[in-house]
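The values are calculated or read from the model by the stated rules, or taken from the named source; none is laboratory data. Because the structure is a prediction, the values reported are computed rather than measured. Every residue, glycine as well, gets a Cβ built from its backbone with ideal geometry; the counts of neighbours run over all protein chains shown.
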């Protein structure tokens, strides 16, 4: 007599189907993340070229800008056709609210980028305002990648999405450092506040690169080390050191602006290698995970046909009711039987073995997922704490971050821990 | 010219559809939780009646047990027909892997409960082994409720599911305390180890009731206070105090066993009021939340037809690109415009207003959800830490818990914090 009903068997398989469906959705989200990544890269280049164009009152980079627009539009088209195919096939198909909401915001930003381009072409917008607009647009695209990492249900993919998000965020701060540095050199002098901004952006790059290094694989790490040893990185380090000496406002040759710009750009371009590796690996990994789950479903189905139902030593059916390894009455551990019913069952697998194996698989995945998600949760906590400090003390974002940083240093704690205290000590609305 | 494309509009709505679909799934899960709750209640009664029957060598409670079996089977049938309708309509419909996996384990337990009942009827199983089996089965059903709370995506419902789970878990420990107390009285003496077990179970009841009180509503709290002031609770408190004096093994009248059993049972039955309120409230709340979301979708659709697209003061389209309240280039806060484009737009709502409102709604929900989930995560951390300590130091579950408790008291920290340190200091596999 089998110790399970058909309904039970169907639920055992339903859990596997659910795992596969979640992985398929995740694979689609990863393809989206990859298109977002390329679009961000193109927009970062467009932001840079627009700045050169605007700074020269439309004298320089006119052709480059046009060519860049074509590339950005191509990346946008790829993304949009993917989005249409992916999420809007079934008019009211259920996706994830947060992911879809962040996509809507980013898309509306993209809908208006042609207005920005027109303003730039006609030099009707300042370089700073143009930079701001691109930064906000890129942030809205980065938010989609963050949400995709946040809603991913697989520990391995989540780790890689965390690595990718943090790498792109770090690269974005490198782009912003380039912009501020170019402004300083173009104005032929720096000041304390500008130097602080640059240092802050360098620290944030380091922060995100550290998280990237924690969650990426060996090869990505070695690619990153190669960019660190590149000429561009060495030269930028020298220019960074030079800027540090200029906080007193000493004048500097405006020509250095272009050198700074070229060096910073070539360092950022070098980061593309890492980015490409990360996105390619994401494709490989999602395919692998999906195959594993499909294979495991096939195995389950096969096993279900060949199971021999064995009773346990005491002639009791193999079930959670009589499994001495399962906690039951608290405090009865002294009464637990010492032999496990799973002993020697590898040859004659029972339905209960299959159930236990699946539970363990799910438990293991959840536990690994929680660990991978810690970095995401810490990021959210830091963002939330910054917002609370900004509202409570009328601070700017950088001021709020610096306050967290200062307290963390004083108390020898991590910024995330300090942020957690800020959030927990503020009553929820 | 509208500042958004049709795709963007569809994604704005898709986020709302996703919210509604998630709430519908959640409402289904809540109905399942409610059936699980009734089944647990019946099995707790069945466990108690079986113990009286077994302790009297089949002399007492024969009819009561039969009647109880009928009630348990009815609760089981309700649950099963619900499960079939809910999850297995579309053969391979995507549900949640973890929820479905926990259901499979609980169902296979239920599949084998008839064997347990036969053993009991024939008095072929000891009262302790029978209690163990029921405890394991109830734990497997409780695990489903825990997973349902863990996968719920709505902050309000999550709070109530956390309250319900902790209340039922507390009630289950009350049932286990009843069982151990009955054993002590029946054996006509207690000992240190048995007294410790009872105290441990009382502490755990308190722990779960505290969490329940934190997450339930006012009315549930007042219902709980009423059970606390009931005669049964007062009488059990006296019996608990009496047992404490008996740790030295002094003999006691075996007749007290029945008094203890009746008093503890009537306290547990009193808890049913709270349980019923909690489950009824769950039904009301899920319906309300769903209606709210549907209403909000309708409003969105209506608004989308009446939107007047206004440009901002500077003749710039209303979009994330030109919204000075949105962070862009880091360190540029000093350059931020001071007027918000949302000013005075309540009358002429723009598409961008709608987007911002939805983003804020999603952000708010996520933030509240994270707060509600903290209790769930702490429970998981404690369970994980216990398991690690059990494996590392060959401890029983209670020993592991007591070790956590001891460290928490010594360091004046919460058990969850100590558990977090244990988990974080153990390298992941």
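Identify the residue in the range A:160-177 that is in contact (Cβ under 8 Å) with a residue 60 or more places away in the chain and within 11 Å of chain B (Cβ to nearest Cβ) and, among all such residues, is farthest from the chain's Cα centre (by Cα).
That would be A:177.
Table: residues versus (1) facing another protein chain (nearest Cβ under 8 Å); (2) more than 30 Å from residue B:364 (Cα to Cα); (3) at pLDDT 90 or above.
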{"position": "A:310", "(1), (2), (3)": "no, yes, no"}
{"position": "A:343", "(1), (2), (3)": "no, yes, no"}
{"position": "A:397", "(1), (2), (3)": "yes, no, no"}
{"position": "A:407", "(1), (2), (3)": "no, no, yes"}
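Among B:365, B:390, which is closer than 30 Å to residue A:363 by Cβ, at pLDDT 90 or above and facing chain A (nearest Cβ under 10 Å)?
None of the other options fit; the residue is B:365.
For residue B:200, all conditions in the list (1) in contact (Cβ under 8 Å) with a residue 40 or more places away in the chain; (2) over 15 Å from residue A:327 (Cβ atoms); (3) more than 19 Å from the chain's Cα centre (by Cα); (4) surrounded by fewer than 24 Cβ atoms within 10 Å (Cβ to Cβ) hold save one; what is the number of the exception?
Condition not satisfied by residue B:200: (2).
If you check B:79, B:32, B:43, B:83, which single one turns out to be more than 30 Å from residue B:352 (Cα to Cα), within 14 Å of another protein chain (Cβ to nearest Cβ) and at pLDDT below 90?
B:83
Have a look at A:15, A:22 and point out the one that is buried (at least 23 other Cβ atoms within 10 Å of the Cβ) and part of a helix (DSSP H, G or I).
A:15
Would you mind finding the one in A:73, A:120, A:138, A:145 that is modelled with pLDDT of 95 or more and away from chain B (no Cβ under 14 Å)?
It is A:145.
Specify which of the listed residues (A:26, A:13) is touching a residue at least 12 places away in the same chain (Cβ under 8 Å) and closer than 30 Å to residue B:110 by Cα.
Matching residue, one of A:26, A:13: A:13.
Which condition does residue A:32 not pass, out of (1) more than 15 Å from the chain's Cα centre (by Cα); (2) part of a helix (DSSP H, G or I); (3) crowded, with 19+ Cβ neighbours inside 10 Å, if it passes all the others?
All conditions are met except number (1).
If a residue must be without any contact (Cβ under 8 Å) to a residue 60 or more places away in the chain, crowded, with 17+ Cβ neighbours inside 10 Å and closer than 17 Å to residue A:378 by Cα, how many such residues does the range B:368-405 contain?
3
Across the range A:102-138, what is the total count of residues that are within 27 Å of the chain's Cα centre (by Cα) and touching a residue at least 12 places away in the same chain (Cβ under 8 Å)?
Within the range A:102-138, residues that are within 27 Å of the chain's Cα centre (by Cα) and touching a residue at least 12 places away in the same chain (Cβ under 8 Å) number 16.
What residue, of A:221, A:289, is buried (at least 18 other Cβ atoms within 10 Å of the Cβ) and within 24 Å of the chain's Cα centre (by Cα)?
It is A:289.
Just to be sure before I move on: is residue B:37 buried (at least 22 other Cβ atoms within 10 Å of the Cβ) and within 18 Å of the chain's Cα centre (by Cα) in the structure I sent?
Here the answer is yes, as residue B:37 does meet what is asked.
For residues that are more than 7 Å from chain B (Cβ to nearest Cβ) and at pLDDT below 90, scanning just the range A:1-15, find the one that is nearest to the chain's Cα centre (by Cα).
In this case the residue turns out to be A:6.
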